[in-house]
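Just below is one structure, and these are the notes that go with it.
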Amino acid sequence: MNRNINEIVKELVSSENLPTKEKCLDEIWTQAVQKGIYPASIQELYEARGQQKIGGFTVPAINLRGLTYILARAIFRVAKKHNAGAFIFEIAKSEMGYTDQRPTEYVGVCLAAAIKEDYQGPVFIQGDHFQVNAKKYSQDPKGEVQGIKDFIKESIASGFYNIDIDTSTLVDLEKPSVKEQQKLNYEICAELTKYIRLIEPKGITISVGGEIGEVGSQNSTPEDLDAFMEGYLETLPDGTKGISKISVQTGTSHGGVVLPDGNIAEVKLDFEVLRSISEIGKEKYGLAGAVQHGASTLPDEAFGKFPEVETAEVHLATGFQNMIYESKHFPADLREKMYKWLQENMQKEKKPNMTEEQFIYKTRKKALGPFKREMYNLSDEILESIGKELEAKFDFLFNKLKVAGTKELTEKYVSKVKDIPRERDLMDIKKGDKMSAEGAD
């Protein structure tokens, strides 16, 4: 008899022992497959989009930093309500570190949420910003790239069948030509793509994303795209499947720009960048289109524009974290306890010109890992109330991004590899290995 799914999630989240987490994921995976739920790659859906067979919607890629099980359940409820299938659960390498959610746990919790809400079909789980650190790369290129490869291996073994490579940190704007500026970016992206193809599970083509403009720097251009893609395709071995989408910079920043009073500054987002690069990406390179990062703190009226300009995917994170902290249902004493922890442990991140409000806003994501278990141990009433608040936001986003009805598309285009076993032979994780990288909304 299958164990109660809530019990397995509680053990998965609370345990600090990796073998125990592995055992919990195995239990959840088995139950999921029994119920027609399976981790999947969005590759084939994006190929159809690149061939301009489908379009008119933008896939939300949702980073869940805290109360992941509660929020994932809310997302599945909204998906069922709207008959939506084109949505992604993702987490960045940096987020896994400060939220204390390694790949094994994140996949397990997302699949468990699908089980709990009686969802069926493919579940897209994505590694966001698998990012090369430019400073570390300059000191030890091989070591830094190998570290990303090791992390890719762990993630794929856990069920991440969508990987966003971020080597845009290596773009050098001091170089004289655009192609020279993008050279390290496309070379290392091609190397990591090749590695993914070597270890991806049989029967699955992992969806790989590239990035041409680091979020927070200057806006991307069609020239950047051409320079990157030409070099990338020249570097990639013949016959190797390439990237399915491209992330660009349009004027946003991860988490938004925080004003001294703690509010978020208005952003002038250049939708023409998304429109032009999506169009060129599809017509010249068969890509699904452009990807927008740093979007969750944008004003509500911005979201309807993404499908209009054929944005393939939009990444959303900080806004949901903010809603948890600021929920009227979130216990004030726990919030104050978390903020006090930040004051005592994160002072090194406080810049001289920062107000207290800016400091708390910028660092409070770092308290989610240390207080993860306390948050999950809140009463069912509190957790359900917070879940309902976030559910309303997810409902809004699914409507604006026009993903209602996309379940039919995922059923049509996504391979139904339901009986795929976990790639346990890839699991050679080093105990105590720490995850660190910058870059998540």
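The values are calculated or read from the model by the stated rules, or taken from the named source; none is laboratory data. Quantities reported herein were computed from a predicted structural model and do not represent experimental measurements. Cβ placement follows ideal geometry from the backbone for every residue including glycine, while neighbour counts extend to all protein chains displayed.
With respect to the conditions (1) crowded, with 18+ Cβ neighbours inside 10 Å; (2) under 24 Å from the mean Cα position of the chain (by Cα), Phe330 lacks only one, and its number is (2).
The number of residues in the range 340-379 being at pLDDT 95 or above, of a type in the set (Ser, Thr, Tyr) and not in a helix (DSSP H, G or I) comes to 1. Among the numbered criteria (1) under 30 Å from Ala367 (Cβ atoms); (2) modelled with pLDDT under 95, which one does Gln34 miss? Result: Gln34 fails condition (1) only.
Glu105 meets the conditions (1) at pLDDT 95 or above; (2) within 20 Å of Ile196 (Cβ to Cβ) in every case but one. The failed one is (2).
Anything in the range 390-421 that is modelled with pLDDT under 65 and touching a helix residue (DSSP H, G or I) at 6+ places or on another chain (Cβ under 8 Å)? List them, or say none. Break it down stepwise before answering.
Applying the first criterion (modelled with pLDDT under 65) to the range 390-421 yields 418-421.
Selection gives Lys418, Asp419.
I'd like the residue in the range 351-370 that is surrounded by fewer than 17 Cβ atoms within 10 Å (Cβ to Cβ) and in contact (Cβ under 8 Å) with a residue 12 or more places away in the chain and, out of all such residues, is nearest to Tyr98 (Cα to Cα).
Here is the first cut: in the range 351-370, the residues surrounded by fewer than 17 Cβ atoms within 10 Å (Cβ to Cβ) are 351-357, 370.
Now restrict to residues that are in contact (Cβ under 8 Å) with a residue 12 or more places away in the chain: 355, 357, 370.
Numbers: Thr355: 23, Glu357: 20, Pro370: 8 Å.
Once the filter is applied, the top-ranked residue is Pro370.
On inspection, Ser158 passes the criterion of being buried (at least 17 other Cβ atoms within 10 Å of the Cβ) and over 26 Å from Gly289 (Cα atoms). For the range 44-68, what are the residues that are closer than 18 Å to Pro122 by Cα and either surrounded by fewer than 22 Cβ atoms within 10 Å (Cβ to Cβ) or at pLDDT below 95 (or both)? Within the range 44-68, Glu44, Glu47, Ala48 meet the criteria. Residues in the range 198-213 that are among the acidic types (Asp, Glu) and surrounded by fewer than 24 Cβ atoms within 10 Å (Cβ to Cβ): Glu200 alone. As a summary of the residue check, Glu180 satisfies the conditions (1) over 20 Å from the mean Cα position of the chain (by Cα); (2) under 18 Å from Gln249 (Cβ atoms) except for the one numbered (2). Quick one: in the range 310-323, which of the residues that are of a type in the set (A, V, I, L, M) and surrounded by 21 or more Cβ atoms within 10 Å (Cβ to Cβ) is modelled with the lowest pLDDT? Restricting to residues being of a type in the set (A, V, I, L, M) and surrounded by 21 or more Cβ atoms within 10 Å (Cβ to Cβ), the top hit is Ala317.
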